[in-house]
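Reviewing the structure listed below.
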Amino acid sequence: LGGLSRTPSEIGIALAVIGVFGIPLSLFGFHLMHKIFGTLPLYRVLLFLYVIAILSMPLLSMLAWFSASQTPRVGPSASVLLKGLMWLAILLTLWIARVATTGFAANMILTKSCSPNAKSLGSMFALGQTVSGLARAISPALASSLYAISVQKHILGGHFVWIAMALIAYSSVRVTKKL
């Protein structure tokens, strides 16, 4: 259990690559997806991508552990293959998470469409931003604490945090069924 044994420069490069790919996604991809699926169905799909991204985290950890444990035994060529597979998995997970973040645009569209009139639009956005800000303030401490407890108490082999976070993300998908 633990990190993926990446250096700060490797982490920076991975995030930069996904950031560069995210620019055309934000500029053109969301518009195209919105045109094809519509706001609410697209929002549901994008929210579900968070579930996939969250559940891929322990898989990345397991792949990193396997890769590190097998490297001395498999030889240099297989080691390069394992390293490449690891990077592919990291970039795929980051890409899924990046695509999921375009759901914020769909969230704003849905918030606007739920407003009963133009006068209450500001209040609707303020309420939405307040709830969102509260979630962003609480979530890091909650997730970190849950991770620490999962590892310390060996709940589901230390992976309970991922199940809990995936269930929270999935519950958000289910809530959209009421919209």
Accessible-area composition of the chain, carbon plus sulfur, in percent [1.4 Å probe]:
75
Gaussian network model of the chain, springs between alpha carbon atoms under 10 Å - residue of Thr101, Thr93, Thr130 with greatest fluctuation:
Thr130
Given R₀ = 45 Å, FRET efficiency for Arg136-Phe66 by Cβ-Cβ distance, to 0.05?
0.85
How large is the Rg to Rh ratio of the stretch 77-150 when both quantities use alpha carbon positions and Rh follows Kirkwood?
1.22
Restricting things to Cα coordinates, could you compute the convex hull volume per residue of the chain in Å³?
144
Probe 1.4 Å, protein heavy atoms only - accessible area per residue of the stretch 1-104 in square angstrom:
60
Using only the alpha carbon atoms of the stretch 47-105, find the Kirkwood hydrodynamic radius as the inverse mean reciprocal pair distance, in angstroms to one decimal.
12.4
TM-like helix rule applied to the chain (DSSP H, alpha carbon span at least 24 Å on the long axis, mean Kyte-Doolittle at least 0.0) gives 8-24, 39-74, 76-101, 121-152
So if I place +1 on the C-beta of Lys and Arg and -1 on the C-beta of Asp and Glu, and nothing else carries charge, what would the dipole magnitude of the chain be about its Cα centre? I want it in debye, nearest 20.
400
Mind checking which of Leu63, Leu142, Leu42 has the largest fluctuation in a GNM of the chain, springs on alpha carbons under 10 Å?
Leu142
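The values are calculated or read from the model by the stated rules, or taken from the named source; none is laboratory data. None of the values given here were measured: they were computed from a predicted structure. Neighbour counts are summed over all protein chains in view; Cβ atoms, including those assigned to glycine, are modelled from backbone coordinates with ideal geometry. Side chains are part of the model used for accessible areas, which takes the heavy atoms of the whole protein and leaves out ligands, DNA and RNA. Shrake-Rupley method; radii C 1.70, N 1.55, O 1.52, S 1.80 Å.
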